[in-house]
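Worksheet: the structure to be examined is printed underneath.
The numbers here are math on the coordinates, done by the rules we state, and not lab data. Please read all numbers here as calculations on a predicted model, not as lab measurements. Heads up, the Cβs are rebuilt from the backbone with ideal geometry, glycines too, and the neighbour counts pull from every protein chain shown.
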Amino acid sequence: MAQLVFGYFAGVIAVTAMLVVALRNPVYSVLSLLIMFFHVAGLYVTLHAEFLAAVQLIVYAGAILVLYLFVVMLLNAKQDDRYHRQWRVAGFVCVPLLLELLVLFAGGKMEPSPLFSADQTGPGTDNAKAIGMTLFSTYLFPFEVASLILLVAMIGAIVLAKRDIGGSGA
Amino acid sequence: MTIPITYYLILSAVVFLTGVVGVLIRRNIIAILLSVELMLNATNINFVAFSRYLEDLGGQVFVFFALTVAAAEVAVGLAIIIALHRSKESINLEDFKLLKW
């Protein structure tokens, strides 16, 4: 049963990821990325990361993709969008990487961690609470730095996208 | 033990490589940013899978930070795209070769 669920999520994620790259209309790319984000959130739920699944839906599907759609439609990007002519370089880079990975996974048999136990819901019983405790104790300083990053990104986006009014603004 | 972690790693590798291919072959800047999102999601899947299998919440907290950085990247990247479109009337990557040698 669990394998069936994983197979469904993994299959949809892989197919929609390829559609994001293959579809030529950017609006369709963004929409298939949306489907992928929903299924990644489902995968998180099966991994007992419910809080992250919710955050994935709210932040990625809710905020980031809407921003993308907004820009795609603002710029009216339905122009001729052929693939870049360096696709041979892409194949040259990626096919050996994929082969290496397959060899690695086929050769090295991965033992389950001794720490792992099947359905122990130790720290995962209340996922949001556990993450909050970790985030605000062990990772308090990175959390503050993350807020600084968001502030910098906000100021940068405003400065970059601002129209120069009357030529007097910086 | 239901699903070996190898499956998650393979899924993540496939998604990541799809992102790499997208960055290399697309000519639309927005599609390239979307491919970067694909790569970030692939790493996030890895983090969550390992966090589950090692019983350590650090991985999930790291995904949280990766999400923050992704949001910042999207904001700045889309602002740059809008500024580019305003100056060149194009979002085709091959039209921007001022810094190319």
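Look at the alpha carbon pairs under 8 Å that are at least 6 residues apart: their mean separation over the length of chain B gives a relative contact order of 27 percent.
Between A:F92 and B:T6, the FRET efficiency from the beta-carbon distance, with R0 = 45 Å, is close to 0.95.
Taking the average, over residues, of other Cβ atoms within 10 Å as the packing measure, peptides B:74-82, A:90-98 rank B:74-82, A:90-98 from highest down. Within 10 Å of the Cβ of each residue in B:31-42, the mean number of Cβ atoms contributed by other protein chains is 5.
Non-local lysine pairs in the protein assembly as shown, meaning eight or more places apart or on different chains, with alpha-carbon distances under 21 Å, amount to 4. Amide H contacts under 5 Å for B:R27: A:H84, restricted to partners 5 or more places along the chain or on a different chain, H placed in the peptide plane at 1.01 Å from N.
Determine the shape class of the protein assembly as shown: with a ≥ b ≥ c the square roots of the Cα gyration tensor eigenvalues, call it rounded for a/c under 1.5, and otherwise prolate if a/b is greater than b/c, oblate otherwise. Since a/c reaches 1.5 but b/c is at least a/b, the shape of the protein assembly as shown is classed as oblate.
List the residues of region B:57-77 whose backbone N lies under 18 Å from a point placed 7 Å from the Cα of A:R163 along the Cα-to-Cβ direction. The answer is none, because no backbone nitrogen lies closer than 18 Å to the label point. As a rough footprinting exposure proxy, the listed residues B:E89, B:E73 were ranked by other beta carbons within 10 Å of their own, and the order from fewest upward is B:E89, B:E73.
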